[in-house]
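Below is one structure, written out as structure tokens; comments come after it.
The values are calculated or read from the model by the stated rules, or taken from the named source; none is laboratory data. Note that the structure is predicted; figures quoted are calculated from it, not measured. Methodologically, a virtual Cβ is constructed for each residue, glycine included, from the backbone with ideal geometry; neighbour enumeration extends over all protein chains shown. SASA here: full protein model, heavy atoms, side chains in, ligands and nucleic acids out. Shrake-Rupley method; radii C 1.70, N 1.55, O 1.52, S 1.80 Å.
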Amino acid sequence: MSVPRCAKLSKSLIREGHASFPTGAEPWMLDTRRWPGSLAEYAEQLLTLAEVLFADPRHFFRSYSAAEIARMMSTTKSRTAA
């Protein structure tokens, strides 16, 4: 995951106050306990997101912003959704 300056999101630097929280990032990106749903829902969304990203080789070389990942995690339909 990258931030607007194309730098890697560094959770430790943000926690220590050496870097700012990127625009569009969600609190659960630094602490998964803050995911707004259940642990099962979080795991399911991660698996679904992984399937989407691995479905096309072009995703492998693309950098995604924190805001894009947050959007995809909240809008991607679950693999078990009917």
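Backbone N atoms of the stretch 38-61 closer than 18 Å to the 7 Å Cα→Cβ label point of residue 72 belong to residues 42-61. When the charge dipole of the stretch 31-71 is built from unit charges on Cβ atoms (+1 for Lys and Arg, -1 for Asp and Glu) and taken about the Cα centre, the candidate among 32, 64, 49 whose Cα reaches farthest toward its positive end is 64. For residue 46, the solvent-accessible surface computed with a 1.4 Å probe is close to 70 Å², ligands and nucleic acids excluded.
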